[in-house]
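Presented below is the structure to which this report refers.
The values are calculated or read from the model by the stated rules, or taken from the named source; none is laboratory data. Since the model is a prediction, treat every value here as computed from it, not as a measurement. For neighbour counting, all protein chains shown are included, and Cβ atoms are generated from backbone atoms with ideal geometry for every residue, glycine included. Calculation scope for accessible area: heavy atoms of the full protein, side chains included, ligands and nucleic acids excluded. Shrake-Rupley method; radii C 1.70, N 1.55, O 1.52, S 1.80 Å.
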Amino acid sequence: STQSTGAVARHSLCMQAVRPVAARVAVHARWASSLPVIDISGFVNFTTDSGGDAQQETARKWDDAMSTVGFAVIVGHGVKPGSVNDLRDAAVEFFSQDVDAKRAFSLGPYGNPDGGWTAMGAEAVSRSRDHHGSDGGAEATSSPADLVESFVYRAHGSAPAPLQAAAAAYQWEMERVLDALNRLTAASLALPADFFNAHYTPRGENSLRLAWYPPLPLEAGERLRYGEHTDYTGFTILHQDERDVGTLDAGGLQVKMPGGEWLAVQPMAGGLIVNIGDLYEVWTNGRWKSTVHRVANPTTGSAAACSPRLSMPFFTGPKNEAVIEAIPTCVGDGNPAKHAPITAGEHLRNKLSASNV
């Protein structure tokens, strides 16, 4: 059949490509990223009287990173490597099952409140583009569905036991990192340390997504593994696939830089990638912009194209009823609010409605 012929052709291409590149993966994973690298340990181990020059310098670096690139690599976060490895192992085990086994955990469309598995073809993220973004915004497109399937963990949802345990432990770590980022952001914007607490109390709209990119089909055409987009709400805290090699032709995470060029992000051992979503543009009145990024396709037949890719973003956002508007330190005479107030939930629903196929 055509399908089996394509599979044989892909296998042949893959066998030619995998061996010489795979040997270099461990080396690439140790390279430092070209994104700003910021040690947040002073805000992880934080007390109300623990300020000082070091924290002020970290806050200055954070503001600079978010107002120029919108991305940073954070270190000093204290996330245990074992929790990362346990989740990656459980995720690979889950996604390696046949479709029927995964379908048992399908609980609705992507973005539904219970999470669960969604098959490839359910999302076209580029369709969510709007006036937000580091490139000044863009019109939504009729782009095809992305080449990704996913599992969204929710504590009250359904997941296989190994994945449930690993995801719960990892999410606890991410919630702790988010608390530190909220304190750091408050310091960066000359706000009280607890400014963002009310927006996330009693519970923010946070979700752990496991994004699985199967080997690239030969007939990918114009479809990307994940199209150009901005993230929707608050911070995204990402553990990148450590096999990304940081070159444009190898696919992987790519960030649109202020000059319009694409940066292929190289993994940094022990680092987590953080970027801001659209609601920070509203909060900061455009001082910080949600940066456009994508997961590009690797060259057909390359090791990256012939291998699956696993990305683990923790999406954070204020509670649905939180009203998001320009914060006091980001407006003033000659600098009025540029965005109308909006509830976090309304913005998120608009985005999901646009991106779901």
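For Val37, the residues whose modelled amide H falls within less than 5 Å of its own, excluding neighbours fewer than 5 places apart on the same chain, are Val73.
In a DSSP loop and with at most 16 other Cβ atoms within 10 Å, the GluC sites (Glu not before Pro) in the stretch 185-233 are Glu219, Glu222. What angle do you read, to the nearest 10 degrees and between 0 and 90, between the alpha-carbon axis of helix 161-188 and the longest principal axis of the chain? The helix 161-188 is inclined about 40 degrees to the chain. Over the stretch 118-212, all Cα pairs binned in 5 Å intervals from 0 give whole-percent P(r) values of 3, 10, 14, 13, 15, 18, 15, 9, 2, listed from short to long.
Over every pair of different alpha-carbon atoms in the stretch 209-357, take the mean of 1/r and invert it; report that Kirkwood radius in Å.
Details: mean 1/r = 0.0593 Å⁻¹.
16.9 Å is the Kirkwood radius here.
The fraction of accessible area contributed by carbon and sulfur in the stretch 29-181 is 53 percent, rounded to a whole number (1.4 Å probe; ligands and nucleic acids excluded).
Listed peptides 81-91, 241-251 appear in the order 241-251, 81-91 once ranked by packing, highest mean of other Cβ atoms within 10 Å at the front. Computed from backbone phi with θ = phi - 60° and the Karplus coefficients 6.51, -1.76 and 1.60, the 3J(HN,Hα) list for the stretch 257-270 is 7, x, x, x, 7, 9, 9, 7, 7, 8, x, 10, 4, x Hz; x is used for glycine and proline.
The Stokes-Einstein estimate for the stretch 155-255, based on a Kirkwood radius over Cα pairs and taken at 4 °C with 1.567 mPa s viscosity, is a diffusion coefficient of 77 µm²/s.
By the Stokes-Einstein formula, at 0.890 mPa s and 25 °C, the chain with its Kirkwood radius over alpha-carbon pairs has D equal to 117 µm²/s.
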